[in-house]
Amino acid sequence: MRFLSIEPLLEDLGPINLAEIDWVIVGGESGPGARPMDPDWVRSIRDQCTLAGVPFFFKQWGGTRKGKAGRALDGRTHDDKPPRPPRPPLDDATRKALLAQLEKDAGTQIETSS
């Protein structure tokens, strides 16, 4: 998975190349001395993600009291995440080898149903 973690967002980034990007996370700076983030900077990235079909996650506005500032952008939170790829099932030999290694590491035998 390839993702951009744009935290803290401190300026307008302009056009972003989102080719081969699976996810974008944006957040403001927090803590003492936190610099402000312009909502238009966040909107620009959100809108580019929407056009490119890239999931957009808005983490926080930031600031010295980030909990009070919240996470809403234009009246809603943005919690998009990329889908998790399905894991292929393990073949029997690989499963048994992994169990044997776990037993060795734990110093005990693991009971299984097969």
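The values are calculated or read from the model by the stated rules, or taken from the named source; none is laboratory data. These numbers come from a predicted model, not from an experiment. Neighbour counts run over all protein chains shown; Cβ positions are idealised from the backbone, glycine included.
Applying the condition of being in contact with a strand residue (DSSP E or B) (Cβ under 9 Å, 6 or more places away or on another chain) and basic (Lys, Arg) to the range 66-114 and asking which residue is modelled with the highest pLDDT yields 81.
In the range 18-33, the residues that are in contact (Cβ under 8 Å) with a residue 24 or more places away in the chain form Cβ pairs under 6 Å with partners that are surrounded by fewer than 18 Cβ atoms within 10 Å (Cβ to Cβ) and acidic (Asp, Glu), at six or more places apart or across chains, as follows: 27/7. Of all residues in the range 81-96, none are surrounded by fewer than 11 Cβ atoms within 10 Å (Cβ to Cβ), within 21 Å of the chain's Cα centre (by Cα) and polar (S, T, N, Q). Go through the range 26-43 and report how many residues are surrounded by fewer than 18 Cβ atoms within 10 Å (Cβ to Cβ) and under 25 Å from residue 1 (Cβ atoms). Of the residues in the range 26-43, 1 are surrounded by fewer than 18 Cβ atoms within 10 Å (Cβ to Cβ) and under 25 Å from residue 1 (Cβ atoms).
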